[in-house]
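The values are calculated or read from the model by the stated rules, or taken from the named source; none is laboratory data. Note that the structure is a prediction, hence the values are computed from the model and not measured. Here the Cβ positions follow ideal geometry from the backbone for every residue, glycine too, while neighbour counts run over all protein chains shown.
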Amino acid sequence: MFMQNAYSSAFVLSVTLIISSQNFLFLNIPVNGQTTVSQISQESYDKMKNCSIDLNKKPTSVEYLTHFNCGHVSKDESGKTVRQFTLIVEEDQKIPITYEGHIFEGWTFNGTIPGPTIRVTEGDLVRIRVINSNDNINAHSFYSQPVNFGMDNGFTKSGQPGGTISPGRSFTYEFVAQPFGVYPYYCHVEPLADHINRGLYGMIIIDPKEPRPQMEEMVMLLNGYDLDLDLEGPTKLPPVASIEGSQTNLPTNSDSSNITKTNISDMTNVSITSNNEGSTSEESNVREERVNEIYTVNGKAFDYMMNPIVLHTGKPYRAYVANILEFDAVNSVHVHGAMFDWYSAGTNKTADFLTDIVTLSRGDRGIMEFTYLFPGTYMFHAHQTLFTDLGWMGLFDVRGNPVEPSRIDPT
């Protein structure tokens, strides 16, 4: 009798568990904090990302803010998503960079400064064909940190060299998109600072497989322009004997009588004196610091002052930010009227901190997420006054009714 009751109880319990697992979602929660793999389709995810359907479009400086190029999409034999992009490098393109008539002789990826915002999903197979136009004089290349995961000592996995691309030639970079995050890309040919300063840079966004909370999104690349392009060419260490004040590492039989004792660390002005006996002439070589005359977000000074970015109260926004500024040690982003969550490099789904200002060194990047509670016109700008005065300043035009903080969804 006992055994019969036991079997009956076991049967009833089994049936109950089967039925419960079909009707109560909490029984399907993964253990140990694991998350389920997103079942969203590639097509639906791309629509969430606001991927452009016109991949040949050359966006205006205002359109650039929300123009995401997600590539030509296909599937390989295993079902993996393949995204293909083409970047054409053109030198000496006349790019308007202010509303006051300044035209910059820029070098461009696909005709714009910055180049297109490339957007993919973690795990995608990415192919980026870079074409160096026939009319160019210089070699060029493509570099971004995620590409390194598909490269080995300068060679792709297929064994092809991935170095500089000569004018009239092309090269296809292939890699698996990982890890998710925000990455600048740029030409990596010396003199590197000149190639970047002239405009050969852009952003790659690798989205996580499991989508972030959906928000309206925008891209902000911080840059500057050295208009006189002085002292182009590679930076080289000067000869020891040419440095004023150099008493270090001289051979014991060297004649140091022509070297003046000054601070060797001051390399701003370097004089070269002749060591030839009987020479009355003095050669001089002055190394001047390069200076930017114009600063911008997304390539055109005061662009979002002239065309304020329209936002709405109570609505969450996400901005992908990267600092690609040359010739200045740091840059920054400061917003008025709101605080933002900051995700360094975009490689984590948990914010680093809540702030109204973030300081970025060269190549630093991250994600800002913010919501405005009250309507109004609010500035966003660099916190270096010089940068602000010379173009790095914009406005958020926030519309709608005031929103109580308690009504804001924290996600």
Test result for G394, surrounded by fewer than 19 Cβ atoms within 10 Å (Cβ to Cβ) and at pLDDT 95 or above: no
Set E122, E190, E174: member being in the same structural domain as S52 (by TED's automatic domain parsing) and modelled with pLDDT of 95 or more: E122
Hey, T60 out of contact with any helix residue (DSSP H, G or I) (no Cβ under 7 Å at 6 or more places or on another chain), within 29 Å of T296 (Cβ to Cβ) and part of a loop (DSSP other than H, G, I, E, B) or not: yes
Single residue of G346, G366 found to be assigned to a loop (DSSP other than H, G, I, E, B) and either among the polar types (S, T, N, Q) or touching a residue at least 40 places away in the same chain (Cβ under 8 Å) (or both): G346
Among (1) part of a loop (DSSP other than H, G, I, E, B); (2) charged (D, E, K, R); (3) crowded, with 20+ Cβ neighbours inside 10 Å, the one test that R212 misses: (3)
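Conditions (1) within 28 Å of Q214 (Cα to Cα); (2) among the aromatic types (F, W, Y), marked per residue:
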| site | (1), (2) |
| --- | --- |
| Q42 | yes, no |
| K49 | yes, no |
| N56 | yes, no |
| C70 | yes, no |
| T81 | yes, no |
| W107 | no, yes |
| N110 | no, no |
| P114 | yes, no |
Every pair of residues 6+ apart whose Cβ atoms lie under 6 Å, when the first sits in segment 305-320 and is modelled with pLDDT of 95 or more while the second is in a strand (DSSP E or B) and charged (D, E, K, R): P308/D397; V310/D397; H312/R399; Y317/E216; R318/E217; R318/E369
Any hit, segment 131-138, residues being under 22 Å from the mean Cα position of the chain (by Cα) and not charged (D, E, K, R): yes
Test: residue in segment 134-147 that is touching an Asp or Glu at 6+ places or on another chain (Cβ under 8 Å), polar (S, T, N, Q), in a loop (DSSP other than H, G, I, E, B) and farther than 30 Å from P211 by Cα: yes
Hits in segment 363-400 (condition: under 21 Å from V62 (Cα atoms) and among the β-branched types (V, I, T)): I367, T377, T388, V398
Per-region count, segment 311-326, residues within 22 Å of W392 (Cβ to Cβ) and either in contact with a Leu (Cβ under 7 Å, 6 or more places away or on another chain) or in a strand (DSSP E or B) (or both): 10
Segment 355-398, residues that are among the aliphatic types (A, V, I, L, M), over 19 Å from T313 (Cα atoms) and out of contact with any helix residue (DSSP H, G or I) (no Cβ under 8 Å at 6 or more places or on another chain): I357, V358, L360, I367, L386, L390
Selection count, segment 324-343, where residues are acidic (D, E) and touching a residue at least 60 places away in the same chain (Cβ under 8 Å): 2
Scope segment 327-342; condition surrounded by fewer than 16 Cβ atoms within 10 Å (Cβ to Cβ) and part of a strand (DSSP E or B); matching residues: V330
Test: residue in segment 81-99 that is part of a loop (DSSP other than H, G, I, E, B), modelled with pLDDT of 95 or more and over 25 Å from I205 (Cα atoms): yes
Every residue from segment 343-360 that is surrounded by fewer than 16 Cβ atoms within 10 Å (Cβ to Cβ) and among the aromatic types (F, W, Y): F353
